[in-house]
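The values are calculated or read from the model by the stated rules, or taken from the named source; none is laboratory data. Only a predicted model underlies this, so the values are computations on that prediction, with no experimental measurement involved. Note that we place each Cβ from the backbone using ideal geometry, even for glycine, and neighbour counts take in every protein chain shown.
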Ligand SMILES: [Zn+2]
């Protein structure tokens, strides 16, 4: 039985850090130009299609192309009460008045929120957009991987098209960047890396993508895998090399980490290891990962995903571990699977450990669930943490937006002057209500350009 925390999952939340987050929200709104118009009351109760007068409207650029400038009029950053005009020049939010003739988009009081970052997703495995898949029973990683291979051969649509379809859908729901874990094993050769690489190129105007070569079938237990991982790294096709349960699944802790960290060291790529192991086994692997990271000076380049051994730790042990992770520059990701297994994000962040939120698998052989919608994943994070207060709901959103941005080394898209103009527009009352009600993403903006409307990519 896994070690269980004696406290409830929410008992360790820091009220102070929550309030600090809320203060930052208020500051970002104040930095923007006040607009004359009052916000129209837009609540989820009036989520029906907007009337003609209430639709977002666009007027084209009249500068003759001298400045790539757009004014998004009447937006409410983070659900601020009073709308402002958000000026974007060359993809960045500007604190200066808009150039004459700039394009104007009247947002009619919509809430503007930063687009989010999916810190852990598997686009290669997905059956999203395919006919319904009936899944077979499976109870071990080895059995699930067999189901993966069967589904891979059964799906009619090529992997690169499936990946691009899912990644495009993620953009249209408000994702600005993702870290994609892609299976690398002799069963697939490097088809997944090539396919997700192709999807990344097709969507580069709208989405930043990191690719992790993920040895889902084990590094040591499946011969031929380490050579494929090495080749993927050597050719520059990947950003990170992955790993999986070095003790519990690969049964070769030192050899497994020798291969993974050896590739990272030789080719200058990062590391992101799936660690489902619990209790003492998970801690043994995690301690070995920390030691390797320090020994090879890979601080800032290593992530551990899931990390189910962490949530049940006693307070003192958690504090000691968090300090060591922060010192080694190791970040973590969670997919908020349950109240028992979600990471204690606030406590980890207090120690300086970055934590990203992710989708994990989306409608694949592992699960019929998932939708690559990071606003929905923030909602699930709030749900498993039993969020009730506004600041708890806002913190869940910030984990999905800012946590992943820090993890991927991207600037936070916080709608302040100088930040990338990456945001989504929704109808709503306030941020906590949006996290609960999940309104339709009416517009997604990337670097000041509109890349999706009403759940569909623009120009696709
Ligand atoms: Zn995963």
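Assorted remarks:
- Of the residues screened, residue 432 is one that is touching a residue at least 12 places away in the same chain (Cβ under 8 Å) and either more than 22 Å from residue 178 (Cβ to Cβ) or surrounded by fewer than 24 Cβ atoms within 10 Å (Cβ to Cβ) (or both).
- Subset of segment 393-421 [outside any helix (DSSP H, G or I), in contact with a strand residue (DSSP E or B) (Cβ under 8 Å, 6 or more places away or on another chain) and free of Cβ contacts under 8 Å to residues at least 60 places away in the same chain]: 411
- Pairs linking a residue in segment 118-145 that is over 28 Å from residue 355 (Cα atoms) and assigned by TED's automatic domain parsing to the domain that holds residue 156 to a residue that is within 12 Å of the ligand (Cβ to nearest atom) and modelled with pLDDT of 95 or more, with Cβ atoms under 6 Å and 6 or more positions apart or on different chains, are 138/144.
- Residue within segment 170-191 that is more than 15 Å from the ligand (Cβ to nearest atom), over 24 Å from residue 451 (Cα atoms) and in a helix (DSSP H, G or I) present: yes
- Lone unmet requirement of (1) part of a loop (DSSP other than H, G, I, E, B); (2) over 16 Å from the mean Cα position of the chain (by Cα) for residue 445: (1)
- Condition check for residue 372: more than 16 Å from the ligand (Cβ to nearest atom) and at pLDDT 95 or above: no
- Matching entry among 329, 268 (being out of contact with any helix residue (DSSP H, G or I) (no Cβ under 6 Å at 6 or more places or on another chain) and surrounded by 15 or more Cβ atoms within 10 Å (Cβ to Cβ)): 329
- Residue match in segment 338-347 (condition: assigned by TED's automatic domain parsing to the domain that holds residue 234, touching a strand residue (DSSP E or B) at 6+ places or on another chain (Cβ under 7 Å) and more than 16 Å from the ligand (Cβ to nearest atom)): yes
- Top-ranked residue in segment 114-130 [being within 17 Å of residue 149 (Cβ to Cβ) and assigned to a loop (DSSP other than H, G, I, E, B); ranked as farthest from the ligand (Cβ to nearest atom)]: 130
- Residue list for segment 306-337, restricted to those being modelled with pLDDT under 95 and touching a strand residue (DSSP E or B) at 6+ places or on another chain (Cβ under 8 Å): none
- Any hit, segment 202-211, residues being buried (at least 23 other Cβ atoms within 10 Å of the Cβ), assigned to a loop (DSSP other than H, G, I, E, B) and in contact (Cβ under 8 Å) with a residue 60 or more places away in the chain: yes
- Which listed residue, of 321, 341, is closer than 21 Å to residue 398 by Cα and buried (at least 20 other Cβ atoms within 10 Å of the Cβ): 341
- Matching residues in segment 212-237 - criterion: being out of contact with any helix residue (DSSP H, G or I) (no Cβ under 6 Å at 6 or more places or on another chain), within 15 Å of residue 196 (Cβ to Cβ) and surrounded by 17 or more Cβ atoms within 10 Å (Cβ to Cβ): 212, 214, 228
- Sole residue being within 13 Å of the ligand (Cβ to nearest atom), buried (at least 23 other Cβ atoms within 10 Å of the Cβ) and more than 12 Å from the chain's Cα centre (by Cα), chosen from 353, 362: 362
- Residue among 397, 423 that is more than 12 Å from the chain's Cα centre (by Cα) and at pLDDT 95 or above: 423
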